[in-house]
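Engineer: One structure coming up, written as structure tokens, with questions to follow.
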Amino acid sequence: ERPAAKARGVADLIELGNPNAKIVVQGITFTVSELIRKSVNSISILDKHTTLRSSQNSAILIASQDTLTAILLDLGAILIGLKTIHISPNDNINTALSALERKGAKISAIVTDENIGTLPAHFSGLLCAFTKKIPPNFGLNFIKLDLDQVVTPLSVEKINREPPTTISYVLSGDEIYSMDNKNVTAGVYSLLSIIPFAKKPMESDTIVTDEPLSSALGRSLLYTAIYSGCSYFCLPENSALPLSPVPQYLFVSGTHLMLLAHDLTSIAVNKWWYRFSRRHALAADASGVIPSPSSWGVFSSVRNAIGLSNGLKFIVSTDSLLSDSTAADLRVSLSVPVVKALKNPRCSSFAFARIPYDTLQNGGCGPPTTAIEVRLDGGHEDEFSGRLNFRGPCVLEGEGDQFTQAANSPVMRILESGSFDIKN
């Protein structure tokens, strides 16, 4: 069932989950109801030191690499009706503050780890909360953020849940986009529609991703996990894939998947019957059938050796770096669908994604995903290529029925199969 049919806003998505479902967020176990209470308490700690909701455009800037802290503050802000923006370690805080001002946002607080730099003069009285340590010679309006502190919780907001209501901002280079309730509910629906019905996320499953909360896609993956009652783990930047607990869903970059495929092959190649087993599995893959988990026992033992067992259900490559040959190696080794997809900073889901059981070679990035329509402009002599424009509820700051230029203006081409791919 479409999430938007039951949830008009992100806060509804959070509250619609089974309140007693146990989920693990960044290694910490909560029930959904406990997560909600902890989130509201976390944002209330900040409000104790300043008035967060001083206007309808109030927002907090989260620049912490502590993902659990960022998640708790994000969920708490949504539940009380406060806007947020997450920025990555590579983003400049002053650049983000200036971009937010251009959007008309009123900054209430900044949350960071330990370094913040020099703020513009008119932000000198802004509340700065540090998750690690307070730097020397800092101003007067600062706190050391302790999320275990218990305070009187703020009231959960029930009025700012209409689809067009802005809930957050997404910084992409020099551009900043508003993300509203509609973008997120459509993004969650689109992500769930990529996964086959037989492999839909359930309670006790785990979603692992390297997509940061600073992106629209990263936020949609977080809300998808909570809505589905799944555990969630976001990989820190430049870290390896975790294998405990065993992930059921991997939404990671092609680089991570290429390393995983290399590790699997380097172990399997030591088995004397590996070549025969691989040929047998590749023949099945070439005929459009994902190899069975047995595969003569070679790949089952490899999965057990690296700790994946048979728990993995679904893999999505979030960029265009994964080659079709590597995707085939992963299907052979893991016996699960491997979907090559393409994201865009201005989209709350994937812009394109291959069909889960598609084993076609040279198949590109697949067709547009659910809730996205695309148009290629400016191809001139080549009518099958052009710059990507799209529309739909997943598009941030979409213009209704008008097509909007994608962020970074990628040039796409249409393949003979009808799939889309990035034009080299």
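We did not get these values from a lab; they are worked out from the coordinates using the rules stated. In this text, all values refer to a predicted model and were calculated from it rather than measured experimentally. So basically every Cβ, Gly included, is an ideal-geometry build from the backbone, and we count neighbours across all protein chains shown.
Engineer: Might you report the magnitude of the Cβ-based charge dipole of segment 240-422 about its Cα centre, with Lys and Arg at +1 and Asp and Glu at -1, to the nearest 20 debye?
Structural biologist: I would put it at about 900 debye.
Engineer: If you fit an axis through the alpha-carbon atoms of helix 274-286 and take the longest principal axis of the Cα set of the chain, what angle between them do you get, 0 to 90°, nearest 10?
Structural biologist: 80 degrees
Engineer: Where does each of 159-172, 74-87 land if you order them by average Cβ count within 10 Å, highest first?
Structural biologist: So the order, starting with the most tightly packed, is 74-87, 159-172.
Engineer: Only Cα pairs under 8 Å and at least 6 apart count here; give the relative contact order of the chain as a rounded whole percent.
Structural biologist: That works out to 13 percent.
Engineer: Can you tell me what share of the DSSP beta bridges in segment 240-422 is antiparallel? A percent to the nearest 5 is fine.
Structural biologist: 75 percent
Engineer: Between segment 21-59 and segment 172-240, what is the separation of their alpha carbon centroids in Å?
Structural biologist: Taking the Cα centre of each part, segment 21-59 and segment 172-240 sit 18 Å apart.
Engineer: If you restrict to DSSP beta bridges whose two residues both lie in the chain, what percentage is antiparallel, to the nearest 5?
Structural biologist: Here the antiparallel bridges make up roughly 45 percent for the chain.
Engineer: Net charge near ALA99, counting Lys/Arg +1 and Asp/Glu -1 over other residues with Cβ under 14 Å of its Cβ?
Structural biologist: Computed value for this residue: -1.
Engineer: Pick from LEU119, LEU235, LEU73 the residue whose mean-square fluctuation is largest in a GNM of the chain, springs joining Cα atoms under 10 Å.
Structural biologist: Judging by the Gaussian network model, the answer is LEU119.
Engineer: With charges only on Cβ, +1 for K and R and -1 for D and E, what is the dipole size of the chain about its Cα centre, in debye, rounded to 20?
Structural biologist: 780 debye
Engineer: Step through the residues of segment 299-304 one at a time and calculate ³J(HN,Hα) from phi using the Karplus curve (6.51 cos²θ - 1.76 cosθ + 1.60, θ = phi - 60°), rounding each to whole Hz and writing x for Gly and Pro.
Structural biologist: With coefficients 6.51, -1.76 and 1.60, one gets 6, 4, 5, 5, 4, 5 Hz.
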